[in-house]
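S.K.: What follows is a single structure, and I will ask about it in a moment.
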Amino acid sequence: MNRATRPGSEAYPVNGAEAQVIPLHAHGREKPAASEPPAAEPSAAAPVVAFPAATAPSPEPDPLPDAVREALAFLRHRLTGDYPVDEFGFDAELTETLLLPPLRALYEKWFRVDTFGVEHLPTAGGALLVSNHSGTVPLDALMTMVAVHDETRGRHLRGLGADLVFKLPLVGSLARKSGQTLACNADAERLLSGGELVGVWPEGFKGIGKPFSARYKLQRFGRGGFVSAAMRAGVPIVPVSVVGAEEIYPKIGDLRLLARLLGLPYFPITPFFPLFGPFGVVPLPTKWTIEFGEPVRTDEYGPDAADDPMLVFTLTDQVRESIQHTLYRRLSRRRSVFRG
């Protein structure tokens, strides 16, 4: 039998004979499916281009800073008259927008005030804050106002001021708008009963106008009218001690004749004023501390206790001694007038 086959063919026996099958495709290659066209060979010269994914456009930055927007909103409210003012003339929006920012810069950058005992400040309800007074110019009252506002997250200190404050042009108007009112028992009781924080400086002009040689020595607290107001309202009394204000304008003399002509309680002479003119008005950058002492409760007394002069005097002396003791303690720890 001839078993010779053609190259590439396979032989199968059929009825004793071998049939030759010739494959249509070469060995090692499969016939592509009819439904699938042959893949094109990639060209080495064709570059592969990658397109970046589409991204959302970034929002445009706000061209107006926050301070400008707040100023524009403030002006809009001023023009429309859409702002509240209470019965005492207190304008909270004006105070927080125009008055507090420059005072806060003085508070933080110039006097570098440190506060202690802020946990004694009530977060709600009325309280009477009683503080020492010093510095020739009453900046201590303004710095205490900033401390109370910032440490209580927005509560305002309603100060009780002397008659002279409200008689001065522009000063009196600003004092009213910032929440200050006349130092009288009627106004104090109304504010305290309304849940406000009220500040009083019982030394008055005797405190801020005392000579430099008498610094940090508390003057007489008067008849204790502030104590009776707190007792009638049933609110606590918080002693406040300020160290650092005595040295901002060291008073070494007093032009009494000029003071009487101007209707002032005193006309101070300091090492820099009036010798250096307007430059002598700049306060010295002393280091301040403000400490809020433990409150003295008044709600434990009866409703008629405010008419007991001995009890009023006892509580007045207790508050005064607490402030004086704290001042001496703070002074004993102070190493430098300007560094604290």
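S.K.: Which shape class applies to region 206-340: rounded if a/c is under 1.5, otherwise prolate when a/b exceeds b/c and oblate if not, where a ≥ b ≥ c are the square roots of the Cα gyration tensor eigenvalues?
M.R.: Oblate, since a/c reaches 1.5 and b/c is not below a/b.
S.K.: Could you list which residues have their amide H under 5 Å from that of Thr115, counting only those 5 or more apart in sequence or on another chain, with H placed in the peptide plane?
M.R.: Long-range HN contacts for Thr115: Ile290.
S.K.: Can you tell me the Rg and Dmax of region 246-285, counting just the alpha carbons, in angstroms?
M.R.: 10.4, 31
S.K.: Need the full-extension length gain, Phe338 to Arg220, defined as separation in residues times 0.36 nm minus the C-alpha distance. One decimal, nm.
M.R.: 39.7 nm
S.K.: In nm, give the distance between the simple-model label positions of Leu257 and Leu275, each being 7 Å from the Cα along the Cα-to-Cβ direction.
M.R.: A separation of 2.2 nm, rounded to one decimal place.
S.K.: I've got another one for you. Past 18 Å, Cα to Cα, is the threshold; run Lys177/Lys210; Lys210/Lys251; Lys206/Lys251 against it and keep the listed order.
M.R.: Among Lys177/Lys210; Lys210/Lys251; Lys206/Lys251, the Cα-Cα distance tops 18 Å for Lys177/Lys210.
S.K.: Report, in cubic angstrom per residue, the convex hull volume of the C-alpha atoms of region 199-275.
M.R.: Cα convex hull per residue, to the nearest whole number: 112 Å³.
S.K.: So how far, in whole Å, is the C-alpha centre of region 83-162 from the one of region 247-283?
M.R.: 25 Å
S.K.: Can you tell me how region 112-226 classifies by the Cα gyration tensor, rounded, prolate or oblate, using a/c under 1.5 as the rounded cut?
M.R.: rounded
S.K.: Further question on the same structure: Enumerate the residues in region 228-250 having an amide nitrogen under 20 Å from the point lying 7 Å beyond the Cα of Val282 toward its Cβ.
M.R.: In region 228-250, the label zone of Val282 (backbone N under 20 Å from the point 7 Å along Cα→Cβ) covers 245-250.
S.K.: Hey, rough spin-label estimate for Asp86 and Leu182, points 7 angstrom out along Cα→Cβ, what's it come to in nanometres?
M.R.: 1.8 nm
S.K.: Taking region 256-340, which GluC sites (Glu not before Pro) meet the DSSP loop condition and have no more than 16 other C-beta atoms within 10 Å?
M.R.: Glu300
S.K.: Shifting gears a bit: Quick one: if you stick a label point 7 Å off each Cα along the C-beta vector at Arg329 and Phe166, how many nm between them?
M.R.: Rounded to a tenth, the inter-label distance reads 3.6 nm.
Here, each number is a calculation from the coordinates, and none is a lab measurement. The shown structure was predicted, so the numbers you read here are calculated from the model rather than taken from an experiment. So basically every Cβ, Gly included, is an ideal-geometry build from the backbone, and we count neighbours across all protein chains shown.
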